[in-house]
1. Counting Lys +1, Arg +1, Asp -1, Glu -1, what net charge surrounds Glu96 among other residues with beta carbon under 11 Å of its beta carbon?
2. In the stretch 70-119, what % of DSSP beta bridges are antiparallel (nearest 5)?
3. Would you work out which of Val74, Pro62, Pro107 lies farthest towards the positive end of the dipole of the stretch 52-119? Charges go on Cβ: Lys and Arg +1, Asp and Glu -1.
4. So what are the ³J(HN,Hα) numbers for the stretch 76-92, from phi and the Karplus equation (6.51, -1.76, 1.60; θ = phi - 60°), rounded to whole Hz, Gly and Pro as x?
5. First measure r as the distance between the Cβ atoms of Asp94 and Gln11, then evaluate 1/(1 + (r/R0)^6) with R0 = 22 Å and state the FRET efficiency to the nearest 0.05.
6. Residue by residue through the stretch 7-12, which ³J(HN,Hα) values in whole Hz follow from phi under the Karplus form 6.51 cos²θ - 1.76 cosθ + 1.60 (θ = phi - 60°), with glycine and proline marked x?
7. Using amide H atoms built 1.01 Å from N in the peptide plane, name the residues 5+ places from Phe10, or on other chains, whose amide H lies under 5 Å from its own.
8. Of the listed peptides 49-55, 87-93, what is their order by residue-averaged count of other C-beta atoms within 10 Å, with the highest listed first?
Amino acid sequence: MTVRRIVPDFQTDSEESMAQSRDFYGRLGLEEVMNLGWVMTLASPSNPTAQLIFITEERTAPVVPDLSVEVEDVDAVYAEVLASGAEIVRDLRDEEWGVRRFFVRDPNGRVVNVLTHRG
């Protein structure tokens with residue numbers, strides 16, 4: 001199993017606070033690379049795997065995740081996690097913005113968004 005990146009997800013209360021976060025972290029060298037209005041990703045231009053995600057609400061799942069883990073083969077990871085008996089918070093599915101993902105609860109109660117970008 002190959003992990004491509006791990007990104008912390010921060011719940012924020014409004015698009016205004018997302019804009020404030022973009023400005024603040026921009027001063028640290030991060031740039032906006034994706035913004036759907038309710039979810040925004042900032043990344044380092046020199047190291048695109050160094051990212052932060054800000055979410056006002058989770059529009060396609062029951063909760064906002066605590067972190068995202070991008071893997072090479074999300075279907076294989078889903079099968080392994082499901083077989084382990086871990087709590088699946090949201091089943092595997094394709095999203096309109098080009099990812100395939102599921103949510104699982106880790107042993108500490110944190111919700112992990114596990115995903116693969118589709119070609």
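1. Numbers: positive: Arg59, Arg93, Arg118; negative: Asp94, Glu95.
My count for the surroundings of Glu96 gives +1.
2. If I count the DSSP bridges inside the stretch 70-119, around 90 percent turn out antiparallel.
3. Of the listed residues, the answer is Pro62.
4. 5, 5, 4, 4, 5, 5, 4, 5, 6, x, 4, 6, 7, 7, 8, 5, 5
5. 0.40
6. The phi angles translate into 10, x, 10, 10, 7, 10 Hz.
7. For Phe10, whose amide H was placed from the backbone, the distant partners under 5 Å are Ile53, Phe54, Ile55.
8. Numbers: 49-55: 18.1, 87-93: 14.1.
So the order, starting with the most tightly packed, is 49-55, 87-93.
The values are calculated or read from the model by the stated rules, or taken from the named source; none is laboratory data. The structure presented is a predicted model; accordingly, all values stated were derived computationally and were not measured. FYI the Cβ positions are ideal-geometry reconstructions off the backbone, even for glycines, and counts take in every protein chain you see. For the accessible areas, the whole protein counts, side chains as well, though only heavy atoms, and no ligand, DNA or RNA atoms are used. Shrake-Rupley method; radii C 1.70, N 1.55, O 1.52, S 1.80 Å.
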